[in-house]
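> This structure is in structure tokens; I'll ask about it shortly.
The values are calculated or read from the model by the stated rules, or taken from the named source; none is laboratory data. On a predicted model such as this, the values are computed, not experimentally measured, just so you know. Cβ: placed from backbone, ideal geometry, glycine included. Neighbour counts: every protein chain shown.
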Amino acid sequence: MKKYLIFILIALFTLTMTGCGFYFAPVGSSTETTTSSNLTTGTQNSVSQTTINKDLIVSEIYAQIYESMYDDVLNAVIADISEERFETLYADTITLILQEIDAGNITVNPETIIERLLMLEATTANAVVGIANYNESGTVQAVGSGVIYKKELNKYYVVTNDHVIEDGDTFKIVLEDGTEIEATVRGKDSLVDLAVLYFFSDLDLEVVEFGNSDELNKGEIIVAVGHPSGFDYYGSLTMGVVSGLDRYFDIDGDNVKDMFVGYIQHDAAINSGNSGGALFNLEGELIGINVIKLSAIEIEGMGFAIPSNLTKAIVEDIELYGVSKQKPILGIEFIDIKNNPLYFVQQGITLPEGVDKGFYITGVKPNNTMDGYIQLGDIIIEIGDVIIDSSRQFVEEFSIYRVGDVISVTLIREGQTIIIENIELKASVD
Amino acid sequence: MKKIVFIFLSIIVAGLGSIKIISQTTENTSTLTTTTTTIETTNYSDLVAEIYEEVYAQVYAEIYSEIMAEIDQEFYDTIYADYENKILELLNNEEIGVFYDTLQTKIYDVVALADSSVFGVLTQAEGIGIAGGSGVVYKYDESSETYYLVTNQHVIEGGDAFEIIFSDESTVSANLIGSDEDTDIAVLTFKSEKTIVVTELGDSSSLERGQFIIAAGNPESFDFYGSITLGVISGLKRTLSGNSTVKYIQHDAAINPGNSGGPIYNLEGQVVGINVAKYATSTIEGMGFSIPVNTAKTVISEIENGD
């Protein structure tokens, strides 16, 4: 938001300047400006001299900036006072509740894991439904899990993985008793692997609430719900702990860490069929969508979920626009210089003096963000505000950017340092 | 922000040469009450930046105070009504459930300890990494400012140089003090300025089947640095084919290649075992094995004493 605002302001500003007749005399000639009587220009030797009324310019700029800025400042004010006021309100409420507790009007029950699991089982776990993916000839070609996260009258919204609905012709929501309901795909984000479906039903179905995945802790007890290996095992519930947070790793096997999602790593057992299913905290809130696990004979207990905060942002985008505006894709293939010093020796490539980190570009994908800006052999040393150290550090820091953000890139090309500006980040191109 | 402004504007004026700008005192035609000042500069972008800063700050301050002046009780009420109602609903309840479970709080304590006590071990031979594993710091020698870390012998096997890897990917080199092939224990020492907490080696003789344990380490690769998994002790005094020296702890916390040398903790934050092996076939899961810490302690002291 802030970034966006700033760019508007700069654009307006330059417009204002030129509009004021703030022109400069070419060397050796004199120009009389006409748009403002306070402006005179003269020539002195080979240096132009301009006399201006700074106040006038300031006031004109002022008016324009004022106009464009009002709403943003209003929001900032609301945010500022909200926080303060919420804290007071929170403190007041706590005091009130404590008084009530002291007076014996409210009983506090400490609840253990067992009680929370039973509560979850009775409530939000039932918001996890089955999804059947039918091909054109009406045969089921894939099944997975999905989570009902929103209800508007009799319209229900379900989030699942894109790979659950991939290549499907029609889709059905499958309830525990085997009832099938026609569902429509609203949109998807193939990069993060999420999709939103909706369906209509007069049944009173459970709806989850999104938890705040930023507040998850390593070691926190979590519960996965889904349909491993198909609907014979509908609504399977497995427990585990958060093993790690913000995990970025190479998913597609190209030896480059994928930069789209900082996954939640957990050790609750998940299997194919859990895809698109829920990861809950012990408050019964949705804190992740299970999407992948490391799978090999010697590997176990390494499941990954897309954090709920990213999920929430993406499904809101999809509801509104039919597509996600969350994750930009750069569309570059590169060698991480810091982590692959031997590559350049083997390939006989001489890096410029003093360059020991950055991305050595080996490919630029057509129609993606960097297409037209970056060339093979460029060494990118800065993207946006991220000064590149290693690919791991980059993918973590770059994750703050969204589609539509405008960034600059600093690179070394044929020994020259070049800054390319005004690159607008694009979404993935399907 | 400044940076963006400057870069953007300097491009526009590039090639125009340096210009002397003097402002002129005139009738105050502007709505601003600032006194007109004479500024002398030879740089267009300096002036631009100056005006920009001045105007920006003024606009912001003015709008802010305008809005603040308009805020009345109604404004507050609108913003907070929903929130207030929601939170006050709590007061209508006769019972409030609060999640409180000692297992969860103890896991958090162990996680905090493991995060500053369990690190990665990278073994190199002739400059190329040949094995990665985990290890836990069990001792700090103040006189030499040296940390002692225990890991598996099979993690350091065949190496000629060793590194300790921290969560921020930084490394320090480590010295191999000694290792024991029979028990699969090795001891490394290293120096570091980082905040490192020494983990207490507990007592494995009092372990019981069914007791909760927490495994910490770096499964698969350092992409999954500092992973935590929970399980229980499935069995004690297990023998594994090919080793008659060690009576292993069997547990069901998920461990994977890379967890080797990492600890299992009890819920009191003591190391009770060193992970070393697991069954890995397509039909088996949840069968991990650790060297009991008492066995490890004996071997560690032998190694430290140079035996």
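> Please identify the pairs in which a residue from the range A:154-182 that is outside the structural domain of A:N290 (by TED's automatic domain parsing) has its Cβ atom under 7 Å from the Cβ atom of a residue that is part of a helix (DSSP H, G or I) and among the hydroxyl-bearing types (S, T, Y), counting only partners at least 6 apart or on another chain.
A:V159/A:T311
> Of these, B:I177, B:I213, which one is over 19 Å from B:N275 (Cα atoms) and among the hydrophobic types (A, V, I, L, M, F, W, C)?
Details: B:I213 fails: over 19 Å from B:N275 (Cα atoms).
Just one listed residue meets the conditions, B:I177.
> Assuming A:V406 fulfils every condition listed in (1) at pLDDT 90 or above; (2) surrounded by 19 or more Cβ atoms within 10 Å (Cβ to Cβ); (3) within 18 Å of the chain's Cα centre (by Cα) apart from one, which condition is it?
Single failed check for A:V406: (2).
> Now for a separate question. Among the residues that make up the range B:234-241, is at least one of them assigned to a loop (DSSP other than H, G, I, E, B) and touching a residue at least 40 places away in the same chain (Cβ under 8 Å)? It would help to see each step written out before you state the result.
Of the residues in the range B:234-241, the ones assigned to a loop (DSSP other than H, G, I, E, B) are B:241.
Pick out the ones that are also touching a residue at least 40 places away in the same chain (Cβ under 8 Å) and you get none.
No; the residues of the range B:234-241 include none that is assigned to a loop (DSSP other than H, G, I, E, B) and touching a residue at least 40 places away in the same chain (Cβ under 8 Å).
> Could you please find all residues in the range A:363-383 being buried (at least 20 other Cβ atoms within 10 Å of the Cβ) and out of contact with any Asp or Glu (no Cβ under 7 Å at 6 or more places or on another chain)? Steps first, answer last, please.
Applying the first criterion (buried (at least 20 other Cβ atoms within 10 Å of the Cβ)) to the range A:363-383 yields A:364, A:369-370, A:374, A:378-380, A:383.
Selection gives A:T369, A:M370, A:I374, A:D378, A:I379, A:I380, A:I383.
> Give the range B:201-220 a look and list any residue that's in a loop (DSSP other than H, G, I, E, B) and either more than 8 Å from chain A (Cβ to nearest Cβ) or at positive phi (or both), or say none. Reasoning before the result, please.
Going residue by residue through the range B:201-220, those that are in a loop (DSSP other than H, G, I, E, B) are B:202-203, B:207-211, B:218-220.
The answer is B:G202, B:D203, B:L207, B:E208, B:R209, B:G210, B:Q211, B:N218, B:E220.
> Something else: Please verify whether A:S190 is hydroxyl-bearing (S, T, Y), away from every other protein chain (no Cβ under 14 Å), surrounded by fewer than 19 Cβ atoms within 10 Å (Cβ to Cβ) and in contact with a Ser or Thr (Cβ under 9 Å, 6 or more places away or on another chain), treating the condition exactly as stated. Write out each step before concluding.
Numbers: hydroxyl-bearing (S, T, Y): yes; away from every other protein chain (no Cβ under 14 Å): yes; surrounded by fewer than 19 Cβ atoms within 10 Å (Cβ to Cβ): yes; in contact with a Ser or Thr (Cβ under 9 Å, 6 or more places away or on another chain): yes.
When the stated conditions are applied, A:S190 passes them.
> Further, regarding this structure: If A:A224 satisfies all but one of (1) touching a residue at least 60 places away in the same chain (Cβ under 8 Å); (2) surrounded by fewer than 20 Cβ atoms within 10 Å (Cβ to Cβ), what's the number of the condition it fails?
The number of the failed condition is (2).
> Next up: What is the number of the single condition among (1) surrounded by 23 or more Cβ atoms within 10 Å (Cβ to Cβ); (2) within 21 Å of A:T123 (Cβ to Cβ); (3) at pLDDT below 95 that A:E215 does not meet?
Just one mismatch for A:E215, condition (1).
> Let me ask another. Could you list, in sequence order, the residues of the range B:31-87 that are in a loop (DSSP other than H, G, I, E, B), within 11 Å of chain A (Cβ to nearest Cβ) and modelled with pLDDT of 65 or more?
The initial filter retains those residues of the range B:31-87 that are in a loop (DSSP other than H, G, I, E, B), namely B:31-40, B:42-43, B:71-72.
Checking the rest, the ones that are also within 11 Å of chain A (Cβ to nearest Cβ) come to B:31-40, B:42, B:71.
B:I71, the sole residue that qualifies.
> Here's something else I'd like to know. In the range A:224-251, how many are more than 14 Å from chain B (Cβ to nearest Cβ) and not β-branched (V, I, T)? Talk me through it step by step, then tell me what you get.
So the first thing to find is which residues in the range A:224-251 are more than 14 Å from chain B (Cβ to nearest Cβ), and the list is A:225-227, A:229-237.
This time we only want the ones that are not β-branched (V, I, T), so: A:226-227, A:229-237.
Residues that pass the stated criteria total 11.
> Do you know which of the residues in the range B:242-284 that are of a type in the set (S, T, N, Q), surrounded by fewer than 24 Cβ atoms within 10 Å (Cβ to Cβ) and touching a residue at least 60 places away in the same chain (Cβ under 8 Å) is farthest from B:S206 (Cα to Cα)? Show your work before the answer.
First, the residues of the range B:242-284 that are of a type in the set (S, T, N, Q): B:243-245, B:250, B:256, B:259-260, B:266, B:270, B:275, B:281-283.
Still in the list and also surrounded by fewer than 24 Cβ atoms within 10 Å (Cβ to Cβ): B:243-245, B:250, B:266, B:270, B:281-283.
Pick out the ones that are also touching a residue at least 60 places away in the same chain (Cβ under 8 Å) and you get B:243, B:245, B:266, B:270.
Numbers: B:N243: 23, B:T245: 19, B:N266: 11, B:Q270: 12 Å.
Across the range B:242-284, the extreme among qualifying residues is B:N243.
> Also: Could you look through the range A:272-288, keep only residues that are buried (at least 20 other Cβ atoms within 10 Å of the Cβ) and farther than 23 Å from A:I114 by Cα, and pick out the one that is modelled with the lowest pLDDT?
Looking only at the range A:272-288, we keep the residues that are buried (at least 20 other Cβ atoms within 10 Å of the Cβ), and these are A:273-282, A:284, A:286-288.
Next, only the ones that are farther than 23 Å from A:I114 by Cα stay: A:273, A:275-276.
Values: A:G273: 88, A:S275: 91, A:G276: 94.
Of everything passing the filter in the range A:272-288, A:G273 is modelled with the lowest pLDDT.
> Given the structure, is A:S308 away from every other protein chain (no Cβ under 13 Å), over 30 Å from B:A280 (Cα atoms) and touching a Gly at 6+ places or on another chain (Cβ under 7 Å)? Spell out how you get there, then give the answer.
Values: away from every other protein chain (no Cβ under 13 Å): yes; over 30 Å from B:A280 (Cα atoms): yes; touching a Gly at 6+ places or on another chain (Cβ under 7 Å): yes.
Yes; evaluated as a whole, the condition is true for this residue.
> Pick from the range B:103-120 the residues that are among the β-branched types (V, I, T) and in contact (Cβ under 8 Å) with a residue 40 or more places away in the chain: which of them is surrounded by the fewest Cβ atoms within 10 Å (Cβ to Cβ)?
The initial filter retains those residues of the range B:103-120 that are among the β-branched types (V, I, T), namely B:105, B:107, B:110-111, B:118.
If we keep only those that are in contact (Cβ under 8 Å) with a residue 40 or more places away in the chain too, we end up with B:107, B:110-111, B:118.
On the way: B:I107: 24, B:V110: 25, B:V111: 22, B:V118: 28.
That would be B:V111.
> Based on what the data block shows, is B:Y225 among the aromatic types (F, W, Y) and either surrounded by fewer than 20 Cβ atoms within 10 Å (Cβ to Cβ) or under 18 Å from the mean Cα position of the chain (by Cα) (or both)?
Considered against the rule, which asks whether it is among the aromatic types (F, W, Y) and either surrounded by fewer than 20 Cβ atoms within 10 Å (Cβ to Cβ) or under 18 Å from the mean Cα position of the chain (by Cα) (or both), B:Y225 comes out as yes.
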